[in-house]
Amino acid sequence: MAGGAILNPTGDGKEYPGKMTMFVFLTCLVAATGGLIFGYDIGISGGVTSMDSFLLKFFPSVYRKEKADTSTNQYCKFDSQLLTTFTSSLYLAALIASFFASSVTRTLGRKWSMFGGGITFLIGAALNGAAKDVAMLIIGRILLGVGVGFANQSVPLYLSEMAPAELRGMLNIGFQLMITIGILAASLINYGTAKIKGGWGWRVSLALAAVPAAIITLGSLFLPDTPNSLIQRGHQEQALTMLRKIRGTDDIHLEYADLQAASEESKTVQHPWRNIIHRRYRPQLTMAILIPFFQQLTGINVIMFYAPVLFKTIGFGSNASLMSAVITGLVNVLATFVSIFTVDRLGRRKLFLQGGVQMFACQIIVGTLIAAKFGTSGEGHLSKSYSSGVVAFICIYVAGFAWSWGPLGWLVPSEIFPLEIRSAGQSITVSVNMLFTFVIAQAFLSLLCRFKFGLFYFFGGWVLIMTVFIAIFLPETKGVPIEEMILVWKAHWFWGRFIADEHVHDGAVVEMADGKNGVGTKATATTV
C-alpha cells in the first residue's frame, strides 16, 4: 500500500531530540523571504500587462486590438506571443540558472546561493523599472529569472535542512507563504499604481521588485549555513556547533552521526548529475520531475499570472479585474496558513489528495460557467452576480491549491533526496518547474483563444491524473529525519524494489502503518 510511514531511525524507540528554538524560527523566517521575489514577480506581471499605458508603450498592437472592437471574441483579445514572451522569459532564465545554482549551493553553501539570487534580482528590477524598449524590458526579466532560479534552488533546501524533522513541513511552507505574500503585495501595488495619472504607474510596480530583492540579499548575509552543508564541505566542528544551536540541546549525537554518514556517502559521488540517474535514486528522481510538472498543470499560474487579464477577458472592467486579483491573492495567503498548521499533523498525502479533489471540481465548474455565457463564439457578457460566482469558485480553487500542491510542490522534493545528490535533485525540481511555467505562460493566451472554456477542462483532467498518481506512488514523509528518508522508499510497495539493502544505513528500522488501524510491520535494513 502507498500509505504513511513512521520512521524509527535507531531501531530502539528513540527519535532525534530537537525543538523549535527562536534561533531556528528566525533563520527560517529570513530564509523564507526568498519566496517574496518569486511571488512578487508572479503577481506583478499579470497586473502590469493589463495596464493600458504599459501596453501602449511596449505592445501597441495588443492595445489597438483590445480597443478596436469591444465585441471581439473574448477568448482571443490578448493572444500575443510578444506579450507572453515578456512574462515567460523569466522562467526560461530561471530554468538555466538553477543548474548553475546547484554547483554554488553544493560548493559554497546555501546562503551564498540565496545572496547571488537576491543581487541578480535587484539588478533586474532596476532595469525593468527604467525600461525604454522591449529589449531592455526582456533583459531585465532574464536577470529576474536568474535570481528566481538561485533562490528557488537554495531556499527550500535550507529550510528542510535547518528544521527539526517533526516541524519540517511547517517551516518549509514558510517559503510558499512568502510566495503568496509576494503575489498579494504585487496585486495591491498594481491596484494602486494603475490609478496613477500620467501612465507611469507600471514603472513603480516593476521597480518595487527591488524591495523583496533587498530583503533576501541583506538577510542572507546574516544567515548561518546548515549543518548538512557545513559537514558536506568539511567543516565538522562548525557543523556540530550549529546542530547543537539549532536543536537547542547537546543530545545531537544520533543526528550528527547520520549527517556524517550522509557526508561520507556524498564524498563518493564526484558527479551528482551522473549519479542521480542510477537505479537507487529512481523514486526521488521520479518525484523531482513529476511533482513540479504536475504543479504547473494544475493551472494555478494561469490564474496568478493572468488573473487581471483573465477577469478582464471574461467581462470585468479594468479596476474590477485588478480587484479580483487582490481577492484571489488574499485567499492564497490565508489558505497557506491551513497547510502550515496541518502538514505535520495530517501529513503530505492527505493534503495532496484533498486539494486535488477540490481543484478538480472547481476547474470543471468554472469551465462550465464560462461555457454557459460565452460558448464557443466568445461573445457574451457576465452580470455582476454571475461574475461573482466565477470569482467565488476561482477562490475555492486557489484555496485548494494553497494548502496542497502549492506548498507541497516545494516541500516534498526538497526533503526526499540524500545529501550526495540533494543540490542536483533540487535543481531538477526547479528546472522542471520553470520549464513548464515557461511553457504554460507562453502558451496560455493561445490556448485560451483555441480551447476556449475547454482550457479549464484541460487543466481539470491533469488535476485528476496527478491526484491518482499521488494516491498510488507517494509515501508519507512527515516526521522522517531528512537523512533517513531512504527508508521510506525502501519500505514502499513499489519503490522498494529499486533500493538494495547495502544502500541503507546500519540498523535502521521503518514501521509502515496500514493507514487504517495504525497496525504496522517493521522492516530492518542492514548494510552488507
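A few notes on this one:
- Solvent-accessible area, 1.4 Å probe, carbon plus sulfur percent, for the stretch 198-298: 61 percent
- By accessible area with a 1.4 Å probe, ligands and nucleic acids excluded, highest first: order of 127, 55: 127, 55
- Centroid-to-centroid separation of the stretch 186-221 and the stretch 438-461 [C-alpha atoms, Å]: 29 Å
- Averaged per residue, the stretch 173-217 has 35 square angstrom of accessible surface, using a 1.4 angstrom probe with ligands and nucleic acids left out.
- For the stretch 275-286, backbone phi angles converted through the Karplus equation (6.51, -1.76, 1.60; θ = phi - 60°) give residue-by-residue couplings of 6, 5, 8, 5, 4, 5, 9, 4, x, 5, 5, 4 Hz, Gly and Pro being listed as x.
- Relative to its Kirkwood radius, the Cα radius of gyration of the stretch 143-293 gives an Rg/Rh of 1.07.
- Once the Cα gyration tensor of the stretch 76-223 is diagonalised, semi-axes √(5λ) in Å: 29, 18, 14
- Other residues within the sphere of radius under 13 Å centred on the Cβ of residue 355, judged by their own Cβ, net out at +3 (K and R +1, D and E -1).
- Over the stretch 386-438, all Cα pairs binned in 10 Å intervals from 0 give whole-percent P(r) values of 22, 35, 25, 13, 5, 0, listed from short to long.
- Here the 3J(HN,Hα) profile of the stretch 152-164, calculated from phi with Karplus coefficients 6.51, -1.76 and 1.60 at θ = phi - 60°, is 5, 6, 9, 5, x, 4, 4, 5, 5, 7, 7, 6, x Hz, Gly and Pro shown as x.
- The local environment of residue 424, defined by Cβ-Cβ distances under 12 Å, has a net charge of +2 under the rule Lys, Arg +1 and Asp, Glu -1.
- Other residues whose C-beta falls under 15 angstrom from the C-beta of residue 200 contribute a net charge of +4, scoring Lys and Arg +1 and Asp and Glu -1.
The values are calculated or read from the model by the stated rules, or taken from the named source; none is laboratory data. Just so it is clear, the model here is predicted, and its values are computed rather than measured. Using ideal geometry, Cβ is built from the backbone for each residue, glycine included, and neighbour counts are taken over all protein chains shown. Ligands, DNA and RNA are stripped out before the accessible areas are found, and what is left, the full protein with its side chains, is counted by its heavy atoms. Shrake-Rupley method; radii C 1.70, N 1.55, O 1.52, S 1.80 Å.
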